[in-house]
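To start, the structure itself, in structure tokens.
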Amino acid sequence: MSTFYFSTSCSIIVEKGGFAMQTTDKLMEYIQDSPSPYHAAAAAAARLEAAGFTRLEESAPWALSSGQCCYTTRNQSSLIAFRLPGGTPEGWRMTAAHSDSPTFYVKNDALEGDKRYVRLAVEGYGGMNCASWLDRPLTVAGRAVVRTPAGVEGRLVYLDRDLLTIPSLAIHQQRDVNRGHDYNAQKDMQPLYALGGGPSLTALLAEELGVDEGDILATDLVLCPRQAPVRIGPEGEFFQAPRIDDLGCAYATLEGFLSAKGTERFGQLYCLFDNEEVGSGTRQGAMSSFLPDVLTRIGEALGLSAQARRQALAGSLLLSADNGHAVHPNFPEKADPANKVYPNGGVVIKYSANQKYTTTGLTAGLFQAICQKAGVPVQVFANRADEPGGSTLGNLLGHQVSIPMVDIGMAQLAMHSAVETAGSRDPEYMARACAAFFQAEFTQTADGVYQF
Ligand code: ZN
């Protein structure tokens with residue numbers, strides 16, 4: 001049996017007694033709603049608005065007061081939402097995840113082919129596993145920039161049909177394919193669109209958007225696999241979907257944010273950044289001025305002194321949420337034998353000696369204390385000493401806003417494949433950990449000392 005309640009004025013309705021497997025169902029819905037980073041930001045915005053959050057434009061003045069719940073977007077693909085405290089903020093509880101995933105970026109409607117075949121022209125975006133993109137139905141999603149009577153406007157577009165495929169070369173024509181293949185994006189990865197004639201991609205976009213073809217001035221489109229998220233395993237213990245990295249964290253941190261209660265002393269902030277997969281160095285990426293700009297505007301609107309703003313930053317904690325590698329069932333030797341993480345094992349805390357992850361003993365200890373209190377299991381990930389490992393958005397964000405951080409994530413398999421696999425209980429653990437974190441009333445009383 002489930003009962004429903006409102007936890008605060010700007011919260012979604014959540015099922016009492018926990019998020020259970022429902023969180024995974026809602027995550028799978030979010031992934032379906034988010035075939036591109038633009039859609040991921042819009043789908044987060046829709047959920048924030050349903051919970052009573054007010055949209056702010058970066059290009060307009062902000063008038064803010066205590067207790068307000070607002071969000072803003074940049075480039076239509078990054079989003080920051082915040083819930084202001086009842087009183088003067090003594091610190092911030094923040095999460096950051098990313099809206100993009102490795103894919104192929106469609107060059108502006110440049111169709112190419114021989115006399116019969118028409119192909120779309122694409123280039124790689126991020127570090128994708130090429131083989132996983134072959135021989136499956138694909139389509140395009142993203143943004144079309146449309147001429148309007150008043151100017152130009154970026155409009156989200158998704159061609160919700162099986163439209164494209166990247167056919168592999170038959171094994172008879174490459175006998176050694178099962179011994180490894182060196183993929184060349186220009187040669188191997190151009191998707192097949194049509195067999196001569198037929199409407200252009202721009203014509204399909206125009207039809208979808210209900211505008212004249214000539215009014216589509218430019219596009220930002222990516223390929224997306226058509227596979228719907230599914231549960232697998234005898235008890236549905238896994239789920240499989242495109243873009244689990246990092247929409248899994250993008251959604252679970254949002255659910256935690258929306259289900260948390262506001263507090264008197266601490267502000268809460270949810271960040272979703274585009275372009276992590278290509279280094280975060282864009283205007284809307286984690287290395288941009290987006291987060292500092294939002295914090296500065298909040299501080300100014302609330303009339304906080306420069307000193308009070310610095311003090312609040314020192315009293316803050318940010319969870320950089322991006323998935324980690326679960327031990328692979330067929331390649332257990334790839335994981336560090338002392339720090340193995342598994343699907344459904346709980347929130348992963350990621351360490352790296354070379355500081356590619358922001359976790360310190362101090363921030364990890366603080367986060368673990370919060371998780372323990374919330375009854376959420378945690379597991380620890382570290383790279384093998386002979387593997388350089390990956391990086392993520394936290395340490396790049398730290399170049400702009402130097403606050404204490406922890407790198408966390410969900411344990412998943414097949415990271416950066418067209419379709420990835422993760423544990424069905426972990427989204428719930430992540431959401432519960434984040435809800436507890438957002439409401440946690442810890443104070444940094446001295447460097448290295450936190451009090452609850
Ligand atoms: Zn990621």
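The values are calculated or read from the model by the stated rules, or taken from the named source; none is laboratory data. Note that the coordinates shown come from a computational prediction; the quantities given were computed from them, not determined experimentally. For neighbour counting, all protein chains shown are included, and Cβ atoms are generated from backbone atoms with ideal geometry for every residue, glycine included. The area values use the complete protein model at the heavy-atom level, side chains included, leaving out ligands, DNA and RNA. Shrake-Rupley method; radii C 1.70, N 1.55, O 1.52, S 1.80 Å.
Tabulated data
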quantity: Test: Leu413 is within 15 Å of Ala335 (Cα to Cα) and not β-branched (Val, Ile, Thr); calculated: yes
quantity: Residue check for Thr202: in a loop (DSSP other than H, G, I, E, B) and either of a type in the set (D, E, K, R) or touching an Asp or Glu at 6+ places or on another chain (Cβ under 9 Å) (or both); calculated: no
quantity: Conditions (1) in a strand (DSSP E or B); (2) crowded, with 19+ Cβ neighbours inside 10 Å; (3) more than 16 Å from the ligand (Cβ to nearest atom): number failed by Ala194; calculated: (2)
quantity: Residue within the stretch 250-273 that is open to solvent by 10 Å² or more (accessible area, probe 1.4 Å), within 16 Å of the ligand (Cβ to nearest atom) and out of contact with any helix residue (DSSP H, G or I) (no Cβ under 6 Å at 6 or more places or on another chain) present; calculated: no
quantity: Any hit, the stretch 69-80, residues being open to solvent by 50 Å² or more (accessible area, probe 1.4 Å), in a loop (DSSP other than H, G, I, E, B) and not β-branched (Val, Ile, Thr); calculated: yes
quantity: Test: residue in the stretch 197-207 that is charged (D, E, K, R), more than 22 Å from Ile31 (Cβ to Cβ), open to solvent by 30 Å² or more (accessible area, probe 1.4 Å) and at pLDDT below 95; calculated: no
quantity: Qualifying residue in the stretch 222-244 (condition: free of Cβ contacts under 8 Å to residues at least 12 places away in the same chain, touching an Asp or Glu at 6+ places or on another chain (Cβ under 6 Å) and buried (at least 16 other Cβ atoms within 10 Å of the Cβ)); calculated: no
quantity: Selection status of Arg93, part of a strand (DSSP E or B), under 30 Å from Leu304 (Cβ atoms) and among the charged types (D, E, K, R); calculated: yes
quantity: Selection from the stretch 360-403 of residues that are in contact with an Asp or Glu (Cβ under 7 Å, 6 or more places away or on another chain) and within 16 Å of the ligand (Cβ to nearest atom); calculated: Asn383, Thr392, Leu393, Gly394
quantity: Criterion: within 30 Å of Arg55 (Cβ to Cβ), crowded, with 19+ Cβ neighbours inside 10 Å and away from the ligand (no atom under 16 Å from the Cβ) - qualifying residue of Ala335, Ala286, Ala306, Ala312; calculated: Ala312
quantity: Residue match in the stretch 86-100 (condition: open to solvent by less than 10 Å² (accessible area, probe 1.4 Å), of a type outside the set (Phe, Trp, Tyr) and closer than 11 Å to Leu223 by Cα); calculated: no
quantity: Single match in Ala374, Ala353 (criterion: closer than 27 Å to Ser99 by Cβ, among the hydrophobic types (A, V, I, L, M, F, W, C), out of contact with any strand residue (DSSP E or B) (no Cβ under 7 Å at 6 or more places or on another chain) and open to solvent by 10 Å² or more (accessible area, probe 1.4 Å)); calculated: Ala374
quantity: Residue check for Ser66: within 30 Å of Leu313 (Cβ to Cβ), among the polar types (S, T, N, Q), outside any strand (DSSP E or B) and free of Cβ contacts under 8 Å to residues at least 40 places away in the same chain; calculated: no
quantity: Given (1) free of Cβ contacts under 8 Å to residues at least 60 places away in the same chain; (2) open to solvent by 10 Å² or more (accessible area, probe 1.4 Å); (3) assigned to a loop (DSSP other than H, G, I, E, B); (4) hydroxyl-bearing (Ser, Thr, Tyr), number of the condition Thr359 does not satisfy; calculated: (2)
quantity: Every pair of residues 6+ apart whose Cβ atoms lie under 8 Å, when the first sits in the stretch 370-397 and is touching a residue at least 60 places away in the same chain (Cβ under 8 Å) while the second is open to solvent by 30 Å² or more (accessible area, probe 1.4 Å) and hydrophobic (A, V, I, L, M, F, W, C); calculated: Cys371/Val378; Leu396/Met287; Leu397/Met287
quantity: Only listed residue being farther than 25 Å from Ala43 by Cβ and at pLDDT 95 or above, chosen from Ala121, Ala131, Ala96; calculated: Ala131
quantity: Qualifying residue in the stretch 275-282 (condition: part of a helix (DSSP H, G or I), more than 25 Å from Leu84 (Cβ to Cβ) and either of a type in the set (D, E, K, R) or more than 12 Å from the ligand (Cβ to nearest atom) (or both)); calculated: yes
quantity: Some residue of the stretch 325-339 being within 17 Å of Ala96 (Cβ to Cβ) and either hydroxyl-bearing (Ser, Thr, Tyr) or assigned to a strand (DSSP E or B) (or both); calculated: no
quantity: Residue within the stretch 159-166 that is at pLDDT below 95, β-branched (Val, Ile, Thr) and away from the ligand (no atom under 16 Å from the Cβ) present; calculated: no
quantity: Tally, over the stretch 219-249, of residues that are within 16 Å of the ligand (Cβ to nearest atom) and assigned to a loop (DSSP other than H, G, I, E, B); calculated: 2
quantity: Strands (runs of 3 or more DSSP E) within the stretch 367-445 that include 1 or more residues of a type in the set (S, T, N, Q) and farther than 24 Å from Gly124 by Cβ; calculated: 378-382
quantity: Some residue of the stretch 168-186 being among the β-branched types (Val, Ile, Thr) and within 16 Å of the ligand (Cβ to nearest atom); calculated: no
